[in-house]
Amino acid sequence: MANTVEQTIHCYHCGEEADTIITAHDKHFCCEGCRSVYEILNKSGMCDYYDLSANPGVSQRVKVREDKFAFLDDKTIGASLLSFRDEEQSHITFYLPQIHCSSCLWLLENLHKLDGGVISGKVNFPRKEVDVIFSNHEISLRKVAELLTRIGYEPYISLNNLDRKKKFYDRSKIFKLGVAGFCFANIMLLSFPEYLGIDHMEESMLQVFRFINLFLSLPVFFYSATEFYSSAWKGLKHRFLNIDAPIVLAVFVTFGRSIYEVLANTGGGYFDSMAGIVFFMLVGRVLQDKTYRQLSFERDYTSYFPVAVTRIQDEKEEIVSLPDIRLDDTLLIHNQELVPADGIITRGNALIDYSFVTGESLPVEKAMGEIVYAGGKQVNGAIEILVIKEVSQSYLTRLWNKEQQHQAVDSERSFVHSLARYFTVILFTIALGAAAYWYFNDPSRAWDAVTAVLIVACPCALLLCNTFTNGNILRILGNHRLYLRNAQAIEDIANVDHIVFDKTGTLTTGRYQDVDYSGKLLPEQLRVSIASLVSQSTHPMSKAILRWLNKTERRPVKDFKEVPGKGLQGRVDQYEIRLGSGLFISGAPAVGNAQSEVHLSVNEELMGVFSFRNHYRDEIPELLKTLQRKYPLTILSGDNAGEKRYLRGLLGKGPGIFFNQSPEAKLYAIKDLQAHGRKVMMIGDGLNDAGALRQADVGIAISEESNSFTPASDGILGADKLKFLDRFIQLCKTNRRIVMFAFVISVIYNIVGLSFAVQGTLSPLIAAILMPASSLTILLITFGISNLLAVKLRSQQG
């Protein structure tokens with residue numbers, strides 16, 4: 001029998017604190033949901049889940065509607081979600097944003113112990129996905145989803161999941177790398193007689209080795225190196241000389257001279273150098289790609305919409321997929337469900353949370369006959385709406401599809417490509433100079449000098465240091481929960497000279513948590529009575545007042561009445577209590593920031609006013625002051641101006657602070673800054689920031705720990721790591737200095753090699769030593785310095 005006790009203690013399942021604790025099995029839980037999950041695991045003998053990590057579960061305070069996954073019974077929807085199905089079993093992949101530790105992995109891979117219908121579960125931890133195989137005869141797709149939900153891992157299923165296309169990862173670079181590595185290693189092995197100058201080896205055997213090397217070089221030249229051919233050709237078509245152009249030239253010259261030497265029986269050529277160039281370049285690119293493959297930075301509205309909703313037809317409820325919604329359909333929107341299409345309320349009173357769409361932090365109350373827009377979330381009971389615009393024409397969809405929100409990305413803007421242009425010009429100048437000198441002095445050595453210059457002075461060291469440093473910096477930032485789209489984002493962050501913040505959900509947690517009261521003193525008994533009254537309401541402001549009062553005792557409430565959009569009233573003991581707008585309480589018109597105030601009257605006497613402010617993240621004041629010393633700041637908020645005084649006091653008169661900003665206004669604000677020559681970083685979290693995030697030179701989306709959706713961006717930053725933004729920017733700036741330092745080292749190596757090459761006396765042995773020695777030195781330098789920076793960053797974070 002579960003008992004309720006009044007004390008503050010951590011929940012055994014999820015670790016959260018609560019005023020009301022449920023005690024069962026000699027353990028404490030914050031809610032019945034957490035207790036139920038524990039009992040499910042305990043009954044199945046799976047309490048090892050709690051031994052692997054402390055409090056590994058997810059809070060179950062928010063109840064999931066019993067028929068929430070009824071749409072999975074629809075065969076059409078189910079077939080669209082399944083990756084495989086035959087007569088015996090089905091395969092499906094669920095996205096579970098709650099996955100966070102080894103306990104999660106262990107539990108999800110032992111689902112078969114909870115239900116015999118589940119054959120197996122396999123977790124992709126980085127992507128927070130689980131692949132489930134289940135028996136069609138023992139359990140349905142809906143039951144699998146409900147099983148996951150019961151143990152705290154509710155699947156996130158969106159309209160985007162209905163697309164049958166599986167995410168395709170281009171593995172061609174992996175295959176090319178494998179071929180290049182195999183051929184490079186064997187060419188090096190067969191070239192040892194050349195390196196060591198073994199004279200007593202039979203000429204016929206030496207020639208066999210050379211032809212085998214020629215054969216092994218063919219896959220490298222005609223397959224593995226195509227990665228660089230295509231990139232160089234694209235650049236040349238646009239009259240742009242990128243870093244791959246001189247590398248391709250070095251590959252062609254190396255391969256051509258090597259074939260000539262082997263066929264003319266004058267030497268073994270430089271097949272090892274050619275294969276080594278391609279192999280090391282591919283290693284860097286594969287590692288870099290792998291760093292950011294796990295995250296999705298491109299989102300459209302289908303990632304935000306649910307798969308299906310409830311439609312009412314002929315007074316009967318039916319599940320319908322979103323593409324099948326038509327004009328004049330009547331939809332039933334349950335509590336905590338998204339409004340999928342613009343419509344008119346035909347039944348019930350709505351309380352719509354538009355924070356993700358418009359940035360307005362306070363839910364908006366709507367009555368029958370009023371319009372609600374797609375993208376809002378109903379947070380107070382169930383309502384019915386009459387569809388006036390189909391999903392594809394709704395406000396939310398149009399917000400995503402605006403063409404002016406798209407900004408073309410110049411993939412060739414890296415400073416490394418600028419260096420490559422100068423490098424190539426100097427390289428050709430030296431090669432032509434060597435050719436001219438030897439043409440007039442000893443023509444037989446001119447060809448050797450030119451080809452040796454082009455081989456030794458290959459810019460692979462520059463590309464290597466850039467690729468490996470970027471890859472390592474991406475990994476370091478990822479370890480600190482800043483996930484960048486690609487390596488170019490590192491350079492873009494380093495160039496930023498103006499930072500723009502969204503307010504709601506970025507600087508704040510997006511919830512009304514900070515409450516101030518001004519007015520007459522409230523006696524203890526009156527506080528209990530007010531708490532008893534507001535506990536009857538589900539309005540966010542009522543909940544905030546209840547938390548502020550911090551009273552667990554409840555008194556009987558009589559004559560309770562809540563007027564949507566105005567306030568509530570009731571009688572508790574000897575007190576006649578009313579809370580609401582100034583107009584509701586005193587009849588006076590609203591003044592100031594009325595949306596952020598609740599007036600209180602007791603026995604028809606005005607007692608005071610509760611004012612509300614979003615709860616700013618604890619580290620925000622210090623972060624803004626630090627950034628303000630280095631960059632101009634701007635704050636763009638879709639919220640009302642209720643907190644302008646607080647922000648102005650925090651930032652002073654310098655930064656621009658703008659409220660009531662529509663998504664289009666935010667977009668144009670970014671464009672205006674760019675028109676004045678600014679390199680802009682935009683940091684936001686909601687759909688209303690999507691246009692600005694894409695327009696900015698760098699767009700960073702803030703994500704809470706278990707957030708399952710972020711708008712399209714150049715990077716995703718964990719909300720708890722926002723306080724380290726300044727250090728992340730400094731790390732990106734340091735990245736360029738590391739590359740430049742490594743480039744200087746590579747230039748020194750090139751000077752040494754060229755001193756031999758221009759003389760026409762460079763032997764295969766020297767070339768074989770210089771090429772890998774230069775590459776390995778660059779790798780050690782970049783890896784070592786960037787890891788020292790990672791240690792420093794970790795120590796700064798405590």
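The values are calculated or read from the model by the stated rules, or taken from the named source; none is laboratory data. What you are looking at is a predicted structure, and each value in this text was computed from that prediction instead of being measured. Here the Cβ is made from the backbone with ideal geometry for all residues, glycine too, and neighbour counts use every protein chain on show. When the accessible area is computed, the model is the full protein with side chains, heavy atoms only, and any ligands, DNA or RNA have been set aside. Shrake-Rupley method; radii C 1.70, N 1.55, O 1.52, S 1.80 Å.
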Point to revise | Number of positions in region 507-536 that are closer than 18 Å to Tyr575 by Cα and open to solvent by less than 90 Å² (accessible area, probe 1.4 Å) | key: 13
Revision key, fill the gap. By residue number, the members of region 52-74 that are more than 28 Å from the chain's Cα centre (by Cα) and modelled with pLDDT under 70 are Arg65
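Matching residues to (1) modelled with pLDDT under 75; (2) under 27 Å from Gly478 (Cβ atoms); (3) outside any helix (DSSP H, G or I); (4) of a type in the set (Val, Ile, Thr):
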position	(1), (2), (3), (4)
Leu717	no, yes, yes, no
Lys721	no, yes, no, no
Val744	no, no, no, yes
Ile769	yes, no, no, yes
**Study point:** Set Ser80, Ser102, Ser90: member being modelled with pLDDT of 75 or more and surrounded by fewer than 18 Cβ atoms within 10 Å (Cβ to Cβ)
**Key:** Ser80
Practice item. Output the residues belonging to region 690-715 that are at pLDDT below 80 and of a type outside the set (Phe, Trp, Tyr). Key: Ala690, Gly691, Ser703, Glu704, Glu705, Ser706, Asn707, Ser708, Thr710, Pro711, Ala712, Ser713
Review point. Tell me, which residue of region 539-555 that is open to solvent by less than 60 Å² (accessible area, probe 1.4 Å) and more than 32 Å from the chain's Cα centre (by Cα) is farthest from Ile716 (Cα to Cα)?
Key: Lys551
Check your understanding: Can you tell me which residue in region 648-705 is surrounded by the fewest Cβ atoms within 10 Å (Cβ to Cβ), limited to those that are within 30 Å of Gln98 (Cα to Cα) and more than 15 Å from the chain's Cα centre (by Cα)?
Key -> Pro663
**Study point:** Flag if Gly582 is at pLDDT below 90 and either at positive phi or not β-branched (Val, Ile, Thr) (or both)
**Key:** yes
Review point. Quick one: what pairs do we get from region 519-535, first residue free of Cβ contacts under 8 Å to residues at least 40 places away in the same chain, second assigned to a helix (DSSP H, G or I) and open to solvent by 10 Å² or more (accessible area, probe 1.4 Å), C-beta under 6 Å, 6+ apart or different chains?
Key: Ala531/Leu546; Ser535/Leu546
Revision key, fill the gap. All-but-one check, Val409 against (1) assigned to a helix (DSSP H, G or I); (2) at pLDDT below 75; (3) open to solvent by 20 Å² or more (accessible area, probe 1.4 Å), failing number (1)
Practice item. Specify the residue that is surrounded by the fewest Cβ atoms within 10 Å (Cβ to Cβ); the eligible residues are those in region 129-179 that are at pLDDT below 80 and among the hydroxyl-bearing types (Ser, Thr, Tyr). Key: Tyr169
Check your understanding: With respect to Phe560, is the statement that it is surrounded by fewer than 18 Cβ atoms within 10 Å (Cβ to Cβ) and in contact (Cβ under 8 Å) with a residue 12 or more places away in the chain true?
Key -> yes
**Study point:** Total residues in region 233-246, condition hydrophobic (A, V, I, L, M, F, W, C) and open to solvent by less than 40 Å² (accessible area, probe 1.4 Å)
**Key:** 2
Point to revise | Top-ranked residue in region 247-266 [being at negative phi and part of a loop (DSSP other than H, G, I, E, B); ranked as least open to solvent (accessible area, probe 1.4 Å)] | key: Ala264
